[in-house]
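What follows is a short report on a single structure.
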Amino acid sequence: MITAKPPSPQMPDWQRLWRDSLRDPAELLRLLGLEGYADRLSEAGRTEFAFRVPRGFAAKMRPGDIDDPLLRQVLPLRGEELDVAGFGVDAVGDLAARGGPGILHKYRGRALLVATGACAVNCRYCFRRHFPYAEETAAAGQWQAAVDYLADDESIHEVLLSGGDPLSLSTAKLKTLTDALAGIPHLRRLRIHTRLPIVLPERVDAEFTGWLAALPWPTTVVVHANHGNELCGEVAAALARLRAAGAVLLNQSVLLAGVNDDGDALSALSERLFECGVLPYYLHQLDKVRGAAHFAVEDARARGLHQELMRRLPGYLVPKLVREIAGEPHKTPLA
């Protein structure tokens, strides 16, 4: 049974639970009764791209099932060590889009702020698994250089908080950032890209929702769930708290071999998202980052799955099938 340690009064529950995350993939296999598969593990889970999984997320995995779709997203396998042509360290051209310290400016009218390099869970397909966070995080210098960049460009009307995961920052630090952004008159919208409400729903606490409700802009929270099994009751309650604080909720998924490359799985995900008050937004084809080639799904199959969703679901529950191509001025539709 996967359990957490007793509570500590010195920190919020979500931070305690985060610090108690699993850090050894072999331990996760033992907890799931899968010790016999330890020979499949890659050293990348200890060195190149560290392993981290909250125990609450691990508790949703099926014991005894090495093919569990949640387990596959986080388990470092030997396939990560393969050198596959076309898969590199900067899959979507982030570094070429650097506008300033911690700022990625790819698209007209909006800019992305790399708020932190930290995440609550390290997904093995992460397109920023090789990103130089130590040099490219906006938190350095108390955000000032990033805020100055945004203030100097009046064409920027929307700021995206990303990372890493911006919700891995304390609410006090998020408030420091948004207080600085509030002084920029041409900002009209705020968008937050986060996986924490899915993998660590305790993060959406009263302090956080109070901050969210007080923001001066219309705010969209884009969560990241790839499979309906991620959306348990605790997650649904966290998403309800986000909606009650005034946020518009969207979801983006990545099409992943062995996780959700199946019409039933994708359809069930969209249905469950809607039950939780979240609209499906994007279904991304895999970004070709080194170490993730074993998750790739052929474009023809991706298009076929998207067509199946269109036959099975109302249009508002069908996410856009897209790929991000470095240097392009927008996401590229594939269907």
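The values are calculated or read from the model by the stated rules, or taken from the named source; none is laboratory data. Everything numeric here is computed off the predicted structure, so don't read it as measured data. Glycine also receives a Cβ, built like all others from the backbone with ideal geometry; neighbour counts cover every protein chain displayed. In case anyone asks, the SASA skips ligands and DNA or RNA and just uses the protein heavy atoms, side chains included. Shrake-Rupley method; radii C 1.70, N 1.55, O 1.52, S 1.80 Å.
Among the criteria (1) open to solvent by 20 Å² or more (accessible area, probe 1.4 Å); (2) assigned to a helix (DSSP H, G or I), the one Gly183 does not fulfil is (2).
Of all residues in segment 274-296, those being among the aliphatic types (A, V, I, L, M), in contact with a helix residue (DSSP H, G or I) (Cβ under 8 Å, 6 or more places away or on another chain) and within 16 Å of Asn226 (Cα to Cα) number 5. The sole residue among Arg30, Arg62, Arg16 that is modelled with pLDDT of 95 or more and either closer than 20 Å to Pro197 by Cβ or assigned to a strand (DSSP E or B) (or both) is Arg16.
Any residue at all in segment 122-138 that is surrounded by fewer than 23 Cβ atoms within 10 Å (Cβ to Cβ), of a type in the set (A, V, I, L, M) and closer than 30 Å to Leu256 by Cβ? The answer is yes; a qualifying residue exists. Every condition in (1) exposed (fewer than 14 other Cβ atoms within 10 Å of the Cβ); (2) in a loop (DSSP other than H, G, I, E, B) holds for Lys106 except the one numbered (1).
Within the option set Leu150, Leu161, being assigned to a helix (DSSP H, G or I) and in contact with a helix residue (DSSP H, G or I) (Cβ under 8 Å, 6 or more places away or on another chain) holds for one residue only, Leu150.
Filtered by the rule that a residue be open to solvent by less than 80 Å² (accessible area, probe 1.4 Å) and of a type in the set (Gly, Ala, Ser), segment 47-96 gives Ala50, Gly56, Ala58, Ala59, Gly64, Gly79, Gly86, Gly88, Ala91, Gly93.
When residues in segment 281-298 are screened for being touching a residue at least 60 places away in the same chain (Cβ under 8 Å) and not in a helix (DSSP H, G or I), 7 of them pass. When Arg301, Arg311 are screened for being touching a residue at least 24 places away in the same chain (Cβ under 8 Å) and surrounded by fewer than 19 Cβ atoms within 10 Å (Cβ to Cβ), only Arg301 passes.
For Arg40, indicate whether it is under 30 Å from Ser170 (Cβ atoms) and either in contact (Cβ under 8 Å) with a residue 12 or more places away in the chain or in contact with a His (Cβ under 8 Å, 6 or more places away or on another chain) (or both). Judged against the criteria, Arg40 is not a match. Of the numbered criteria (1) under 29 Å from Leu269 (Cβ atoms); (2) in contact (Cβ under 8 Å) with a residue 60 or more places away in the chain; (3) out of contact with any Cys (no Cβ under 7 Å at 6 or more places or on another chain); (4) not hydroxyl-bearing (Ser, Thr, Tyr), the one Gln73 fails is (3). Within segment 172-190, residues that are farther than 11 Å from Trp143 by Cβ reach partners that are of a type in the set (D, E, K, R) and at pLDDT 95 or above with beta carbons closer than 6 Å, at six or more positions or on different chains, in the pairs His186/Glu154; Arg189/Glu158. Determine whether Lys320 is open to solvent by 10 Å² or more (accessible area, probe 1.4 Å), of a type in the set (Lys, Arg) and touching a residue at least 40 places away in the same chain (Cβ under 8 Å). When the stated conditions are applied, Lys320 does not pass them.
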